[in-house]
1. Give the number of residues within the range 27-49 that are surrounded by 14 or more Cβ atoms within 10 Å (Cβ to Cβ) and closer than 19 Å to residue 155 by Cβ.
2. For residue 102, indicate whether it is in a loop (DSSP other than H, G, I, E, B) and of a type in the set (Val, Ile, Thr).
3. Of the residues in the range 86-105, how many are of a type in the set (D, E, K, R) and either in contact with a Cys (Cβ under 9 Å, 6 or more places away or on another chain) or within 16 Å of residue 31 (Cβ to Cβ) (or both)?
4. When you scan the range 125-144, how many residues do you find that are part of a helix (DSSP H, G or I) and in contact with a helix residue (DSSP H, G or I) (Cβ under 8 Å, 6 or more places away or on another chain)?
5. So which of 90, 107 ends up being surrounded by 14 or more Cβ atoms within 10 Å (Cβ to Cβ), hydrophobic (A, V, I, L, M, F, W, C) and assigned to a loop (DSSP other than H, G, I, E, B)?
6. For the condition among the hydroxyl-bearing types (Ser, Thr, Tyr) and modelled with pLDDT under 95, what is the one hit in 102, 88?
7. Which residues, counting only those in the range 117-146, are without any contact (Cβ under 8 Å) to a residue 60 or more places away in the chain and buried (at least 21 other Cβ atoms within 10 Å of the Cβ)?
8. (1) free of Cβ contacts under 8 Å to residues at least 60 places away in the same chain; (2) part of a helix (DSSP H, G or I); (3) under 14 Å from the mean Cα position of the chain (by Cα): which one isn't true of residue 12, the others all being true?
Amino acid sequence: MPGLLADPLVAALLPLPLTLPIALIDLRRQIIPDRLNLALLGLGLGLAGLRAAQAPLAALAEGLAGAGLAAALLWGLRAAYGAWRGRTGLGLGDVKFVGAATAWIGLSGLPLMIFAASGSALVLIGLAALRGRTIGAATRLPFGPFLALGLHAALWAGGAGPDLP
């Protein structure tokens, strides 16, 4: 099994049964259900343990610590933006998704995931503006689908699992 998980395409497609409903629900309702984020976290941690056959408990601990750190960083960013602008810019579901996704990609994969998510969201906003849609500071955009895309991009690029030596 670990050999199959080393294939970047397989790794990139593995979370799809969870990320697809996350993206669709966020698009429709602008919410990411906790149970889906929890399932994403659990599966990511489980796979981290499988990948690190020599030290599965260390992989689980590192995966959980990385997920917590990533969620804390995004929560801090969310709080800072809220204090600065007086409104929420990032939903708690997005914060939890980033934490859960970090169990899959490790902290080293986090920048690529955020870059891919942010870049694809900016492209969509740019295209909407070119088509005549008014875009302003109050424009709402469900970020979950872009985070899911970023997770798949980071996995495909080879960022799979906690950052164990």
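1. 13
2. Here the answer is no, as residue 102 does not meet what is asked.
3. Residues meeting the conditions: 2.
4. 1
5. From the options 90, 107, the qualifying one is 90.
6. Matching residue, one of 102, 88: 88.
7. Selection gives 117, 146.
8. So residue 12 meets the others, but not (1).
The values are calculated or read from the model by the stated rules, or taken from the named source; none is laboratory data. Just so you know, these numbers come straight off a predicted model, no measurement behind them. Don't worry about glycine lacking a Cβ; one is built from the backbone with ideal geometry, like all the others, and counts go over all protein chains shown.
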